[in-house]
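Here it is, the structure in full.
The values are calculated or read from the model by the stated rules, or taken from the named source; none is laboratory data. In this text the structure is predicted, and so the values were computed from the model without any measurement. Please note: Cβ atoms are built from the backbone with ideal geometry, for glycine as well, and neighbour counts cover all protein chains shown. Please note that ligands, DNA and RNA were not included when accessible areas were found on the heavy atoms of the full protein model with its side chains. Shrake-Rupley method; radii C 1.70, N 1.55, O 1.52, S 1.80 Å.
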Amino acid sequence: PFVINKGASETLQVTVAPSGAKTEDLLWLSSDETMATVKDGVVTAKATGGEVTITAYSKTDETVKASKTVIIKEDVTNINIHDDRLDMKVGQTYQLEVTVYPVNAYDKSVTWSTNDPKVVTVDNNGLVKAVGKGTAVVFVQSNDSGQMMSCLITVTE
């Protein structure tokens, strides 16, 4: 699919055949004009939260057409880690949680990391394991916008 940000305009690339045909010979249609409009192949995203189908029809033969799914996305503007500080004992595990905003953001995926894997480890889902005595920071970062939050963890025996 073709992905576009809310409020942006992007041109769909069209190849017209036979070689003498022109893009001016096309009619454009959006399956939902509240989501996106299209004029001469330029798609303007109006609302987020879904998909819209853009179809180009031949002016001379409406059975000749091509369609493209367009996803209208909204970028991540903020992330919130539910715990910003933890005390753990060696051997304990704890599931960190994060909320991504806005709730209808297109790519809510995040990456977890730790600054000291000798104190705590963290898996791809935010599961922290205390492995040694000390203090460490676990970071979570939005893959979409780079927004980052952290949790300070103190581990005792």
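Going through the stretch 103-138 one residue at a time, which ones are in a loop (DSSP other than H, G, I, E, B), at pLDDT 95 or above and open to solvent by less than 30 Å² (accessible area, probe 1.4 Å)?
Passing the criteria: VAL119, GLY126, GLY132.
Same structure, new question: Please find, within the stretch 36-90, the residue that is modelled with the highest pLDDT out of those that are among the acidic types (Asp, Glu) and under 20 Å from PRO102 (Cβ atoms). Reasoning before the result, please.
Of all residues in the stretch 36-90, those among the acidic types (Asp, Glu) come to 40, 51, 61-62, 74-75, 83-84, 87.
Remaining after also requiring under 20 Å from PRO102 (Cβ atoms): 51, 74-75.
Numbers: GLU51: 87, GLU74: 83, ASP75: 83.
The qualifying residue modelled with the highest pLDDT is GLU51.
Which of the residues that make up the stretch 89-102 are open to solvent by less than 50 Å² (accessible area, probe 1.4 Å), aliphatic (A, V, I, L, M) and not in a strand (DSSP E or B)?
Matches in the stretch 89-102: LEU96 only.
From the list ALA56, ALA47, which one is in a loop (DSSP other than H, G, I, E, B) and either among the hydrophobic types (A, V, I, L, M, F, W, C) or buried (at least 16 other Cβ atoms within 10 Å of the Cβ) (or both)?
Selected residue: ALA47, the only one of ALA56, ALA47 that is in a loop (DSSP other than H, G, I, E, B) and either among the hydrophobic types (A, V, I, L, M, F, W, C) or buried (at least 16 other Cβ atoms within 10 Å of the Cβ) (or both).
Starting from residues that are under 30 Å from THR77 (Cα atoms), modelled with pLDDT of 85 or more and out of contact with any Lys or Arg (no Cβ under 8 Å at 6 or more places or on another chain), keep the ones in the stretch 8-32 and report whichever is surrounded by the most Cβ atoms within 10 Å (Cβ to Cβ).
SER30
Of the conditions (1) open to solvent by 50 Å² or more (accessible area, probe 1.4 Å); (2) part of a loop (DSSP other than H, G, I, E, B); (3) of a type in the set (Asp, Glu), ASP83 satisfies every one except a single condition; which number is it?
Tallying (1) open to solvent by 50 Å² or more (accessible area, probe 1.4 Å); (2) part of a loop (DSSP other than H, G, I, E, B); (3) of a type in the set (Asp, Glu), ASP83 fails exactly one: (1).
List the pairs whose first member sits in the stretch 54-69 and is at positive phi, whose second member is among the β-branched types (Val, Ile, Thr) and assigned to a loop (DSSP other than H, G, I, E, B), and whose Cβ atoms are under 6 Å apart, counting only residues at least 6 apart or on separate chains?
Pairs that qualify, where the first residue is at positive phi and the partner is among the β-branched types (Val, Ile, Thr) and assigned to a loop (DSSP other than H, G, I, E, B): there are none.
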